[in-house]
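Here the structure comes first, spelled out in structure tokens, and everything after it is commentary.
The values are calculated or read from the model by the stated rules, or taken from the named source; none is laboratory data. What you see is a predicted model, and the numbers here were worked out from it, not measured in a lab. No Cβ is skipped: glycine too gets one built from the backbone with ideal geometry, and neighbour counts run over all protein chains shown. For accessibility, only protein heavy atoms count, side chains too; no ligands or nucleic acids. Shrake-Rupley method; radii C 1.70, N 1.55, O 1.52, S 1.80 Å.
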Amino acid sequence: MVIRILKEKMSKKMRNLKGFLIYGAVIGTIIMLLLVYAGVSFGFQWSTAKQASDRAKKMAEITADSLYLLMERGWTKEELQAYLTASGASDKERHVSVAYYSRDELEVLQLGDQIIQNGQRGVQVLDSEKISFLYPQVGTGRCVVCHSDLEEGSVLGVLTVTEDLAPVMQVVRRDTFFYLLFLFPFPILGAVAISRFLTGRLDRSLQELQSRLQRINRTDDLRYLETNNIDLTFDEINFLYAELKNLAQRLRGIAVDKDILEFEVRLLEKFIITSEVVKDWKEHVNRLIIEINQIVDVHVIFSLFKVEAEDFVLEVFWLYTPSQKTKKIVEEVIRTQLASSEIFRNQEHVGVRIYHNVAVGDQQLEEIDESKIYFQTKSLFLETPQIGGIVGIGVSSRLKPDSTRMLVIEGVLTTLLNVIGSVKAVYKYTKELEYFATRDPLTNLYTQRVFWELLEYEVGRADRRNYKFSVIVIDLDDFKLVNDLHGHLVGDKFLQETAAIVRKCLRKDDILSRYGGDEYAIILPYADQEQAYSVAQRISKTLQEYTLELDNGSKARATASIGVAVYPDHGENAKDLFLIADNMMYKAKSMGKDRIGMPSNEDVINIFKIIEDKNMLLIKALEENKVNPHFQPIMNVTDDRIEANEVLMRIDLPDQIMHAGDFIEIAESMGIISKLDFMLMEKALAKVAKESYQGYLFFNLSPKALIVSDFLLNIRALVHHFGIDPAKIVFEITERDTVKNLTMLSKFVNELKREGFKFAIDDFGSGFSSFQYIKRLPIDFVKIEGDFIRSLPGNGGMDRAIVMSIVTLARELGITTVAEFVEDEEVYRRIKELGIDYAQGYYIGRPSFELTKS
């Protein structure tokens, strides 16, 4: 257990370079001492053995000579052996013994045969503890006298001198051991001291390297490694430092700080183009300048944009409130830096409107001089629409141009440029669309929606000021024949010229609108029945005189059926007044066309009787549950798959099916539209649940229906009851009745949106309130006004430009587009070219009681 713990500690220490050096030096010293001990012991033993061998040889030679003398005197063997024993005993300190072996006793020696045969002298026998020297005694002439059985030169016997080395060796080993043991601490201490000295030098080099590495907290700090040349004492560490510098240089080219990446992600999330960003882009930039200062010090952000012929607009965004002096300095710096920019080239007398915005208004910005600020800029130029602009960020001049922080600035500039450029483009398209939302693109007259708004306004004004005004409805006779015989291009030109003729017949303050395909509606302020009739006659006569000369030599002539109504004689509200004039127009047409219908008291009574009958019919339909859904398919243009159905309201009568257009306005005036809508939804969802339909369902709802107090509860109950996914239900907001309290509508729409329901704007582009909806509400779909779609093949570039503007606006805002009134293959092909997402119309499918599935 102890050994294992020691091994673990040693292993940990050896992983440390300092510990490795110290332990290595100590262990190396110990090994060297052991090797020295072994070498010294071996050498001393060898030297001792050599000396013992020399002594034994010398002693053997002296003793042998003495033996010859003793033998001549006639000593017996016993006397000779006693003499030899006495000789060995005289050298007891060296533990020497001397013995003599006769020829007959030589067998006790291992080398006896060799000695007898060769008479070899000085044979040495050495084992681990003793050394013996063998000295043979060879017979001479004198010996033969006594030993008659020997020949001269033969071996008489062997003299052995043996020295026991064990006591000596034991003393040698002991003395050597204690001597080295005494010296042992000194090399160990020396090794430790030297290793600590070396590790101290190494520590200083490594600490210097460590201190430089610890300064690196972000990619910009890698510069410390690149720019500082230091000597770290050891070539190996200097080489390592050089490699780290090379690595730092490579890393600076590819590495990005985590906080910068997180900021970039937040930046991308923050500036996804939505209606909120478009509406409050300045507030988003204010928040951005606060966030970017967590990464890099930014004093000011500016944007300078020009949209077509408008003045330049310079928006300056400050982190804190600047002084007037600082404002002037920064404005001058911006002007100086932009003077040579492409956006100002060929611009004479450039007008610039300057606006200052402050993100944190309760703090004062320190004074900034020109030398301490540097602007990084980026430009944008678009040909369609004509937009040019520059965005810039003012940072400290100390910030290095190639630093990672400057990459952040570059990213922010690109995002700002895209966002502000998109906002300006959306603004441009919105401005165009708002214009065409009030103007018919073919005739440049007011649209039907504007006519109704102006008619409501005129009713209110006439009521307050107590004067009469008139409404005229005009329908061109047999216009369908002009289109059928001569084509849409001729038909469009015919409408343009007849509109211009009618315009010339009116006063400057009279209001002329294109109400429908070949219908015009007029408001004549301060005009009674007689004056209205006079205007109607003038229009009729002028149209009768008009002839459109065609390229093939044929002619197209125009006549019109005209209906007139006077406020307050024939109606006291806008709807009744228009209803009388419209019915009078149809009466004139039924009387043979090219006539003027002036309402009599009997006409007014009959018309209101018809309205009353419809009122009773609606109440009866509601009571008898006669409201039924019909479904019209909506196709995905990309893959020609049916992915949605619009739910249309129909009332089943014994002899006919009444379409919504015949009774919706009456139902709204009666206040029962929300009940009809609820009944329709209940039947439609029941059918959807029964058939397991998975596509979208579009429901037409009046904005007033959405803000009925129990509407939201009823919708929730229906969806829950039939198990329908709210994300598959799309409510179409129509403009049959403009909601005055858009804030309340927004509240209800957002509440439904949070539950997953989707929203669409119906007839988008036909009225200005469409744009109010798209600005204020979270819209998912826009259904483009059918008149624009239907006219795509024959109206040159006008309708195409309007539709393209709507598509571009929707795409910028992430809204899906639906084309209505797709009635033939040519129109379908055109909407595909324009990039519209969905198509709806008779070419795709007519409304029916059955659901269409893909």
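Numbers below:
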{"quantity": "Where only alpha carbons of region 750-854 are counted, the Rg and the Dmax (Å)", "calculated": "14.3, 44"}
{"quantity": "Contour minus Cα-Cα distance for Thr414 and Leu183 (0.36 nm per residue)", "calculated": "75.4 nm"}
{"quantity": "Length gained when the stretch Ile62-Ser154 is fully extended (0.36 nm per residue, less Cα-Cα span)", "calculated": "31.1 nm"}
{"quantity": "Amide H contacts of Glu732 (H built 1.01 Å from N, under 5 Å, at least 5 apart or other chain)", "calculated": "Phe699, Asn700, Leu701, Ala760"}
{"quantity": "Long-range HN-HN contacts of Gly157 with modeled amide H, under 5 Å", "calculated": "Gln137"}
{"quantity": "Stokes-Einstein D in µm²/s, Kirkwood radius over Cα pairs - region 534-576 at 10 °C with 1.306 mPa s viscosity", "calculated": "123 µm²/s"}
{"quantity": "Positive-end residue of Thr160, Val171, Phe186, charge dipole of region 151-211 with Cβ unit charges", "calculated": "Phe186"}
{"quantity": "Rounded to whole Hz, the Karplus (6.51, -1.76, 1.60) HN-Hα couplings of region 550-563, x for glycine and proline", "calculated": "9, 4, 7, x, 7, 10, 10, 10, 10, 9, 9, 9, 10, x"}
{"quantity": "Residue order for Arg503, Arg212, Arg335 - accessible surface, 1.4 angstrom probe, largest first", "calculated": "Arg335, Arg503, Arg212"}
{"quantity": "Burial ranking of peptide ranges 812-824, 651-663, 603-615, 532-544 (average Cβ count within 10 Å, highest at the top)", "calculated": "812-824, 532-544, 603-615, 651-663"}
{"quantity": "Highest to lowest packing among 759-765, 594-600, scored as the average C-beta count within 10 Å", "calculated": "759-765, 594-600"}
{"quantity": "Inter-centroid distance (Cα atoms) of region 539-583 relative to region 459-525, Å", "calculated": "7 Å"}
{"quantity": "Computed label-point distance, nm, for sites Ile194 and Ser848 using a 7 Å Cα→Cβ extension", "calculated": "10.4 nm"}
{"quantity": "Cβ-derived FRET efficiency at R0 56 Å, Lys328 paired with Glu833, nearest 0.05", "calculated": "0.60"}
{"quantity": "Sequence of Glu331, Glu602 from largest to smallest accessible area, 1.4 Å probe", "calculated": "Glu602, Glu331"}
{"quantity": "From phi via Karplus (6.51, -1.76, 1.60), per-residue ³J(HN,Hα) for region 356-363 in Hz, x at Gly/Pro", "calculated": "10, 10, 10, 6, 10, x, 8, 10"}
{"quantity": "Label point distance in nm, Glu623-Glu456, each placed 7 Å from Cα along Cα→Cβ", "calculated": "3.2 nm"}
{"quantity": "Phi-based couplings in Hz for region 825-838 (Karplus 6.51, -1.76, 1.60; Gly and Pro marked x)", "calculated": "5, 5, 5, 4, 5, 5, 5, 5, 4, 7, x, 6, 7, 10"}
{"quantity": "Simple spin-label estimate for Gln531 and Ser554 in nanometres, 7 Å along Cα-Cβ", "calculated": "4.2 nm"}
{"quantity": "Cα-Cα separations in region 431-524 greater than 18 Å, expressed as whole percent", "calculated": "50 percent"}
{"quantity": "His356 long-range amide H proximity, modeled H, under 5 Å", "calculated": "Val316"}
{"quantity": "Computed FRET value (nearest 0.05) for Arg439 with Arg503, which takes r as the C-beta separation and R₀ as 22 Å", "calculated": "0.95"}
{"quantity": "Magnitude of the charge dipole, region 569-726, Cβ model with Lys/Arg +1 and Asp/Glu -1, debye to 20", "calculated": "160 debye"}
{"quantity": "Accessible area (Å², 1.4 Å probe, nearest 10) - Ser132", "calculated": "20 Å²"}
{"quantity": "Full-extension gain in nm, Leu713 to Arg465, via 0.36 nm per residue minus C-alpha separation", "calculated": "84.9 nm"}
